[in-house]
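Quick notes on the structure that follows.
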Amino acid sequence: MIEMLTVNTLHKMKTNHVKKTATKAGWHAALYMLLLLLTTGCTNGQNKNEMKYEISKTPEEWKAELTSEEYHILREKGTERAFSGDLWDNKKEGTYTCAACGQALFSSETKYTSGTGWPSFFKPLEKSSVAIEEDRSLGMVREEVLCSRCGGHLGHVFPDGPEPTGLRYCLNSAALDFEPED
């Protein structure tokens, strides 16, 4: 009888422990999901507090002015395939401008070969030429680079570039136009 009580008692204790553990695991999973939702958001990469830009057009106006690839990248925050753009290996001297509004953004003097397949620069022409916004799309946090004049998506900036800034502005060729130096 004593042995039977001990086995029953152990069984009850084990069952209660499993219930408590399952409840605790359920709370941990719910808390994890809540934190994930709060940190990544449901914005699909879009910023709820969109900035106001000097140049503002309707989607229809942008579609009329841009190619389908430019529209996808600049207005829908798309990305071209690596090594597919016409500017990733451009070595000419000149200025890189926004393909949507023409604002001067980067100089060939700050362009370097990053090996990524996208045009890479270590600093913009002027700090005010670009805007930086947090991008929480694709389940990660990155810094998105935008044209400060029209809000066009240019690419992202990463902290793995060369001196003197240590930054790598990794941009889409289709978001840029190039004006060669005279």
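The table below lists the values:
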{"item": "Test: residue in the range 51-74 that is in contact (Cβ under 8 Å) with a residue 60 or more places away in the chain, assigned to a loop (DSSP other than H, G, I, E, B), within 19 Å of the chain's Cα centre (by Cα) and not assigned by TED's automatic domain parsing to the domain that holds S173", "result": "yes"}
{"item": "Residue within the range 123-135 that is crowded, with 16+ Cβ neighbours inside 10 Å, touching a Ser or Thr at 6+ places or on another chain (Cβ under 8 Å), over 21 Å from W62 (Cα atoms) and in contact (Cβ under 8 Å) with a residue 60 or more places away in the chain present", "result": "no"}
{"item": "Number of the exception - G155 against (1) small (G, A, S); (2) in contact (Cβ under 8 Å) with a residue 60 or more places away in the chain; (3) at positive phi; (4) not in a strand (DSSP E or B)", "result": "(4)"}
{"item": "Lone qualifier among T97, T58 - being of a type outside the set (F, W, Y) and under 24 Å from D182 (Cβ atoms)", "result": "T97"}
{"item": "Residues being within 15 Å of C170 (Cβ to Cβ) and of a type outside the set (S, T, N, Q) - total across the range 73-117", "result": "18"}
{"item": "Counted residues, the range 130-149 - those being touching a helix residue (DSSP H, G or I) at 6+ places or on another chain (Cβ under 7 Å) and of a type in the set (K, R)", "result": "1"}
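The values are calculated or read from the model by the stated rules, or taken from the named source; none is laboratory data. As the structure is a computational prediction, the values presented were derived from the model and not from experiment. FYI the Cβ positions are ideal-geometry reconstructions off the backbone, even for glycines, and counts take in every protein chain you see.
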